[in-house]
1. Just wondering, is there one or more residues in the range 9-16 that are surrounded by fewer than 10 Cβ atoms within 10 Å (Cβ to Cβ) and assigned to a helix (DSSP H, G or I)?
2. Could you check the range 68-84 and list, in sequence order, the residues that are surrounded by 10 or more Cβ atoms within 10 Å (Cβ to Cβ) and either in contact with a Lys or Arg (Cβ under 7 Å, 6 or more places away or on another chain) or outside any helix (DSSP H, G or I) (or both)?
3. So which residues in the range 30-56 are over 16 Å from His78 (Cα atoms) and either of a type in the set (S, T, N, Q) or touching a strand residue (DSSP E or B) at 6+ places or on another chain (Cβ under 9 Å) (or both), if there are any at all?
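Every read-out reported here was derived from the displayed coordinates using simple, explicitly stated rules and does not represent laboratory data. Every value quoted in this text rests on a predicted model; they were computed, and no experiment measured them. Cβ sites come from the backbone with ideal geometry, for glycine too, and all protein chains shown count toward neighbours.
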Amino acid sequence: MKRAVSIVVTLALLAWLASDARWKMVGDAFDRVTPAAFVAVAVALFVTYVLRALRVCDEFRGEVNGRFGACLRVILIHNAMINV
């Protein structure tokens, strides 16, 4: 019963959000983003993930034993779980 209520509330909120007429403004804003700006932001975001992974590797130097890929994977999974 609890799950059904949460699904109904979620669908109602999505319908309310989709019915807003301001979506055209959002689309127009995304149209103004140049490919170069998008690439620059994507690279900067990836660099922050790499820097975080380096910081974790440095902090847990004894336990990690230089496995940067594992640290990067933990950072990426952690961020995905928080943002979803």
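1. Of the range 9-16, the ones surrounded by fewer than 10 Cβ atoms within 10 Å (Cβ to Cβ) are 15-16.
Restricting the remaining residues to those that are assigned to a helix (DSSP H, G or I) gives 15-16.
Yes, the range 9-16 has at least one match.
2. Ile75
3. Thr34
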